[in-house]
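Q: Shown below is the structure under consideration.
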Amino acid sequence: MTTTEAGLLLSCHRAGREPEGRVQKALRVAEGDAELGRRLSTQAEFDAQIVAVIHCLAPPENLRAKLGALQEATGGAPPKLRSHLATPAILAALAGVLLFVGVIVFFIVESMSDFRGRESVEQMLVTTSRLSGGEFETIKTTTAQLADWLLLRGYEGYEAPPELAGVPVIGARVFTQDGKNIAQYLVDRHESVAWEFRASDFGVEAPTEGQIIEKNGWVAAVRPGGEQCSVIAFRGSKAEMRTFLAALPKP
């Protein structure tokens with residue numbers, strides 16, 4: 001099965017349902033393909049958001065009273081709601097409503113994931129995805145003790161992210177993007193790469209609660225911290241990043 005065929009079949013898969021036949025084969029293909037895996041993760045997140053929206057929908061409180069009044073007016077047996085829902089016209093209308101709600105949710109989620117300076121952070125992520133590891137100087141320290149090492153290499157104002165305080169660092173470097181310094185280091189946890197920069201240098205204004213973005217099979221969590229902005233990234237999905245962040249000690 002080609003990756004193109006697998007990509008088409010993955011749209012038929014829904015979390016919580018046992019896959020069968022070719023869909024199951026498509027899932028196996030996705031396990032070995034980073035791009036298909038990312039698309040599958042995004043699809044699962046979107047489906048979960050749609051389900052959450054549907055669960056929030058509730059019929060009017062006076063619906064039963066209206067149905068009873070309709071029965072008395074017509075003198076017939078009370079119509080069964082299920083029988084009405086099974087008619088093609090109702091099903092088509094419901095499908096249209098769900099599609100409309102899904103589109104609205106999609107645009108809301110997309111707008112929430114956007115922030116000023118995102119393009120600069122994505123470029124840093126693209127640069128990181130191309131690294132071989134040899135670009136870093138090997139060191140043995142922790143995130144809390146990295147400031148002096150970085151200062152000697154031209155990066156001033158380093159602030160260790162509280163969530164990563166005391167985490168071992170096995171490599172670090174200082175590089176430039178658009179003529180501005182960026183401190184980057186390898187964290188000995190989940191094969192992660194972290195970096196920090198002055199937010200104003202790149203016009204970054206991330207939401208106070210942070211943001212998660214994906215690019216080229218990598219996922220990054222952007223954490224604003226006043227003038228300094230920290231990012232941590234690894235190969236994976238948004239769902240994996242949320243799990244990773246939830247496991248970090250609370251500052």
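The values are calculated or read from the model by the stated rules, or taken from the named source; none is laboratory data. Keep in mind that this is a model prediction, so the values were computed, not measured. With ideal geometry, Cβ positions are generated from the backbone for all residues, glycine too; neighbour counts draw on all protein chains shown.
Q: Could you grab me the full set of residues in segment 125-168 that are outside any loop (DSSP other than H, G, I, E, B), among the acidic types (D, E) and more than 25 Å from P249 (Cβ to Cβ)?
A: E137
Q: Ok, one more. Please work out which one of (1) crowded, with 17+ Cβ neighbours inside 10 Å; (2) closer than 30 Å to Q43 by Cβ; (3) among the acidic types (D, E) is the condition D201 fails and give its number.
A: (2)
Q: Right, V167: closer than 23 Å to G236 by Cα and either without any contact (Cβ under 8 Å) to a residue 40 or more places away in the chain or buried (at least 21 other Cβ atoms within 10 Å of the Cβ) (or both) or not?
A: Criteria met by V167.
Q: For V174, are the conditions met, namely being of a type outside the set (S, T, N, Q), farther than 20 Å from K238 by Cα and touching a residue at least 40 places away in the same chain (Cβ under 8 Å)?
A: In short, no.
Q: Take E196 and tell me if it is over 20 Å from T243 (Cα atoms), modelled with pLDDT under 90 and among the charged types (D, E, K, R).
A: Criteria not met by E196.
Q: Sticking with this one: Considering each of A239, A233, A246, A221 in turn, give the residue that is among the hydrophobic types (A, V, I, L, M, F, W, C), in a helix (DSSP H, G or I) and within 13 Å of the chain's Cα centre (by Cα).
A: Matching residue, one of A239, A233, A246, A221: A239.
Q: All but one of (1) closer than 19 Å to I212 by Cβ; (2) surrounded by fewer than 18 Cβ atoms within 10 Å (Cβ to Cβ) hold for V121; state the number of the condition that does not hold.
A: All conditions pass for V121, except number (2).
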